[in-house]
There are 2 protein chains.
Amino acid sequence: MLQDSEKQWSETEKQIAQQALQTAHQRETSALIANIRDRASSLTELEDLWYLHDLLSTKRHEIDGKYEYNQSTIVFDFARLVKEGWLRLEDIQGLKPETLSKISVLARM
Amino acid sequence: MLQDSEKQWSETEKQIAQQALQTAHQRETSALIANIRDRASSLTELEDLWYLHDLLSTKRHEIDGKYEYNQSTIVFDFARLVKEGWLRLEDIQGLKPETLSKISVLARM
């Protein structure tokens, strides 16, 4: 069923998807930068510094994998991003209504 | 030659050395915390965030190893810390004059 929909993605849809990924990436990384800046501004203990390091290690690993465009998982990737708040359904307007509703349903699971 | 001097370290000298290691550790980590706080305060780019992460990874690894008390390498460890500016010769007053001068010579190499 997913394979059927994949075949039907037009070039325009793929471009919309690519652009939306970039937008979400921008949102998540901007929020991360602001978060790290805030946390760092009140750093006084070594323990907190290493906590910051652990947080960065986790986030870097997570972000590196999450924004690769992969046609076979893009619906699930988008659903995850919507759920996490980095992607909005309006960012992917132009995709087929059934794709949008699938993403929307998955995002609420 | 080093082994001879090792045998001659009294308990008092070992305590002085332990204390000095802690002092140097405190200096280096405080400077690191201040450095990270400063760098983070002007963070705007993702590239700079990952640079900060790399820096923390390196420093954490370095600091973890550097402050282990090891009697067989303590003279060299102290020389390195003096060279780097984290330890001062006055912190290790109470060690034998020949130990102090060895550290001092090594620190200038």
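Out of B:LEU100, B:LEU52, B:LEU21, B:LEU81, I need the residue that is part of a helix (DSSP H, G or I) and under 30 Å from A:GLN22 (Cα atoms). Which one? On inspection, the qualifying residue turns out to be B:LEU52. Out of all the residues in the range B:61-73, is one or more surrounded by 15 or more Cβ atoms within 10 Å (Cβ to Cβ), within 12 Å of another protein chain (Cβ to nearest Cβ) and either touching a residue at least 24 places away in the same chain (Cβ under 8 Å) or over 17 Å from the mean Cα position of the chain (by Cα) (or both)? There is at least one residue in the range B:61-73 that is surrounded by 15 or more Cβ atoms within 10 Å (Cβ to Cβ), within 12 Å of another protein chain (Cβ to nearest Cβ) and either touching a residue at least 24 places away in the same chain (Cβ under 8 Å) or over 17 Å from the mean Cα position of the chain (by Cα) (or both). The set of residues in the range B:33-49 that are part of a helix (DSSP H, G or I) and at the interface with chain A (Cβ under 7 Å from one of its Cβ atoms) comprises B:ILE33, B:ILE36, B:ARG37, B:ALA40, B:SER41, B:LEU46, B:LEU49. Using the structure shown, decide if A:GLN71 is closer than 17 Å to A:LEU21 by Cβ and modelled with pLDDT under 95. Yes.
The values are calculated or read from the model by the stated rules, or taken from the named source; none is laboratory data. Computed from a predicted structure; not experimentally measured. When we count neighbours, we look across all protein chains shown, and the Cβ atoms used for this are built from the backbone with ideal geometry, even at glycine.
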